[in-house]
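*Asks:* One structure coming up, written as structure tokens, with questions to follow.
The numbers here are math on the coordinates, done by the rules we state, and not lab data. Since the model is a prediction, treat every value here as computed from it, not as a measurement. Cβ atoms come from the backbone with ideal geometry, glycine included; neighbour counts cover every protein chain shown.
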Amino acid sequence: MTVSTYEMSEETTKQSKGALRNKRVRTFLYGIANHSGLFTLAMMFVFPFYLVIIVSLMNGDQALMRSLWPNPLTFENYPEVLSTVPFLQWTWNTFVIAALSVVGAVIANVPPAYALSHLHWKGRQTVFVFILGTMMLPGQVTMIPIYVTFAKFGWIPSNLPLIVPNFFAGAFSIFLLRQFFVSIPSELTDAGRVDGCSEWQLMMRIIVPLAKPAIYAIAIFTFIGQWNDFFGAKIYLSADPDLWTLGIGLTQFGNEHATNMNTTMAASVLFMLPLIVVFFFAQKVFVEGVTLTGVKG
Amino acid sequence: MSLLSGKAVRPSLKRGATAPKPKHGVKTPGFFIFMCMLPWTLGFLLFTAYPMIASFYQSFTRWDMVNPPRWIGLANYNRMFYEDELFWHAFKNTMWISATSIPIRIAFAMFSAWLLTKAGKTRNIYRTVYFLPSMVPVVASTLIFAWLFQPYFGIINMFLQKLHLSKKYDPIMWLDDPNLSKWALIILGLWGIGDTMIIFLAGLLDIDKSLYEAASLEGANAFQQFRYVTLPLMTPVIFFSAVTGVIGSFQYFTQAYIATGLTINGDYTRSMYFYATHIYETAFQQYDMGYAAALSWFLLFITLIATVIMLVTQKRWVHYPNGSMFK
């Protein structure tokens, strides 16, 4: 609006006022449409959560009556889950695998990512593209010989096959870290080199502190991946019930208590709760991590 | 920056292309580079290179893990293509879910991300809500959805009955209906769209707003803006999720496996029997390792073909504004 209004004739002022109002009305209507769309979709995403929670608070009969509100409200399903199955044991087993895998992933992936971002060597780019290429390989192709090797080690059933591979760097984590490391100006490491830092010091004292968000991200991704893992646990440790993870235990529980939906849902709530908590504490890291691997070439 | 700009400390630094020679310490960090890459190199040799060679060899053998592998030439592949009907059944199911779910997932991720860009101040709240289901462990979400889809006690049929789309005494069977079970799995997958959606959202927010202003000055309506501005600029993201989607869908296992266990009729038509399920059954239920290795190599072959086709055709439809990792 560079033309001041009183220079216009009365007619144009009217017109522009009308146009402005029309535009406002349209923006308002669009706003309503957008927000009702957003809200409807949000309801669809939230509804299963709502249902899981309320069914976990119902008694057995009511859970089969498709009611949307618990009546009477009961908290007995939670103690029942904990007492009928070794739920705490499963949680501990899952936690041990996830936590040790996180330790492994952080130790193993930082050095390769550093070498692929802040060290200059011949063939670096080729190696990086090659590593990206290995991400395309379906896990099934390597699964059988790996299984057989672990069987020869006498590691089946045990949780070692699920933990030990994490102490070797994986393509996805290297990729995520490397993408973050590249965004750290090389002037910092170059300056460090001029000042006589060893490469090890540069990595540990300059890059690692600056790359904390990316390191948290791979830690969280690894933790979630292991918490979620079903297939690995299924083939490596389902033979020994003492080693069962939540995924295996809960599947079994679901199959055996197909009609006791209230207890199954209580168990599901307990299963997903740690991840939801992790998510709320680390949402920013999480969203940025997903984005980093997804769009930035 | 300020450390190095201005006075030229070293000419090589100004160019910035090559690393400067360090004053003291390690002269050439060759050994250091080797040590840095070691966790990956060892992992690659132990968990990728060796197993690939081994499984390629095993695919030409008959092997039950008890007796030593016996060379049988191409018999496994012959069995796969000409004798194993379950293989073709699993293959068709996998192709179907791949071809159906990937476009639906991309469209849905795009739509929900697009809605989020319109959310204004409430965007972060909505983003959290949309993202949250993708945090639910697959085992839990499958249990939950098997319950929602339960024909007699499930909530979904209750709503459909209220809308007169389903009958009380002849309900929609969902997971127990061979024609609908895969759709139920697709819907379950859409609930956890969050991580894909976040990538789409980042892509949409990356688009320069002035492009829309320019388009609207040229008289483009909302649809034209989407078609000629948003869509072309989103093609790298679409391409990325198509590639990862194809690779992922060939390995689709857990949801189908757990859902099958929760059906009333045990899915006797094997409508949720996918390629990865076939490998699992062959390898870890029948311990027919040689044949399972052959199956897994065919999976690799198909994945490679699909990826190569996409990489080759991407030049026609994917627009990279700043170059790409695949260039």
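*Asks:* Just to be sure I understand: with springs between alpha-carbon atoms less than 10 Å apart, which residue in B:VAL237, B:VAL312, B:VAL136 has the highest mean-square fluctuation in the Gaussian network model of chain B?
*Replies:* Top of the fluctuation ranking is B:VAL312.
*Asks:* With +1 assigned to the C-beta of every Lys and Arg and -1 to the C-beta of every Asp and Glu, and no other charges, what is the dipole magnitude of the protein assembly as shown about the Cα centre in debye, to the nearest 20?
*Replies:* Once rounded to the nearest 20, the dipole reads 2360 debye.
*Asks:* If you build a Gaussian network model of chain A, linking Cα atoms that sit under 10 Å apart, which residue out of A:HIS118, A:HIS257, A:HIS35 swings the most?
*Replies:* Between A:HIS118, A:HIS257, A:HIS35, it is A:HIS35 that shows the largest mean-square fluctuation.
*Asks:* In peptide B:268-276, what is the residue-averaged number of other protein chain Cβ atoms found within 10 Å of each Cβ?
*Replies:* Details: counts 0, 0, 0, 0, 0, 0, 0, 2, 5.
Mean inter-chain Cβ contacts per residue within 10 Å come to 1.
*Asks:* Ranking B:MET65, B:MET80 by Cβ neighbours within 10 Å, fewest first, what do you get? Before the final figure, lay out the partial values.
*Replies:* Details: B:MET65 16, B:MET80 20.
Fewest-to-most Cβ neighbours within 10 Å comes out as B:MET65, B:MET80.
*Asks:* Another question, if that's okay. How much length, in nm to one decimal, is gained on full extension between B:ALA99 and B:ASP170, taken as 0.36 nm per residue of separation minus their Cα-Cα distance? Spell out each step's value before the answer.
*Replies:* Working: separation 71, 0.36 × 71 = 25.56 nm, distance 3.04 nm.
Value of the extension gain: 22.5 nm.
*Asks:* Separate question: Using amide H atoms built in the peptide plane, which far-off residues or other-chain residues are under 5 Å from B:THR61 H to H?
*Replies:* Under 5 Å from the amide H of B:THR61: B:ILE72.
*Asks:* Another question, then. Which aspartates and glutamates have a Cα less than 18 Å from the Cα of B:LYS118, not counting those fewer than 8 places away in the same chain?
*Replies:* Those aspartates and glutamates meeting the cut-off are B:ASP206, B:ASP208, B:GLU213.
*Asks:* Now, a different point. Where in chain A are the DSSP H helices whose C-alpha atoms run 27 Å or more along the long axis and whose mean Kyte hydropathy is at least 1.6?
*Replies:* On the way: long enough: A:10-56 (67 Å, 0.34); A:87-115 (43 Å, 1.19); A:261-281 (29 Å, 1.99).
Long hydrophobic helices here: A:261-281.
*Asks:* Continuing with this model, one more query. Which entries of A:LYS23/B:LYS209; B:LYS92/B:LYS168; A:LYS23/B:LYS121 have Cα-Cα distances beyond 28 Å here?
*Replies:* B:LYS92/B:LYS168
*Asks:* Listing B:TRP174, A:TRP69, A:TRP121 from the residue with the fewest other Cβ atoms within 10 Å to the one with the most, what is the order?
*Replies:* Result, fewest neighbours first: A:TRP69, A:TRP121, B:TRP174.
*Asks:* May I ask for the Kirkwood hydrodynamic radius of the protein assembly as shown, worked out over all distinct Cα pairs and given in angstroms to one decimal?
*Replies:* Numbers: mean 1/r = 0.0366 Å⁻¹.
Result for the protein assembly as shown stands at 27.3 Å.
*Asks:* So for the pair A:LEU20, B:GLN161, with labels modelled 7 Å out along Cα→Cβ, what separation do we get in nm?
*Replies:* Each label point is offset 7 Å from its Cα along the Cβ direction, giving 5.7 nm.
*Asks:* Also: What helices in chain B pass both tests, a Cα length along the helix axis of 30 Å or more and a mean Kyte hydropathy of -1.0 or higher, using whole DSSP H runs?
*Replies:* B:85-117, B:289-317
*Asks:* Check B:ILE172: other-chain or 5+ apart residues with amide H under 5 Å from its amide H, H built from backbone geometry?
*Replies:* Placed amide hydrogens put B:LYS167 under 5 Å from B:ILE172.
*Asks:* Rounded to the nearest Å, what's the spacing between the alpha carbon centres of segment A:143-178 and segment B:100-158? Just the number, please.
*Replies:* Measuring centre to centre over Cα atoms gives 31 Å.
*Asks:* Arrange A:ARG193, B:ARG79 by Cβ neighbour counts within 10 Å, fewest through most, would you?
*Replies:* By the 10 Å Cβ count, ascending: B:ARG79, A:ARG193.
*Asks:* How many Cβ atoms of partner chains, on average, are near each residue of B:113-120 if near means within 10 Å of its Cβ?
*Replies:* Taking the mean over all residues of the peptide, I get 4.
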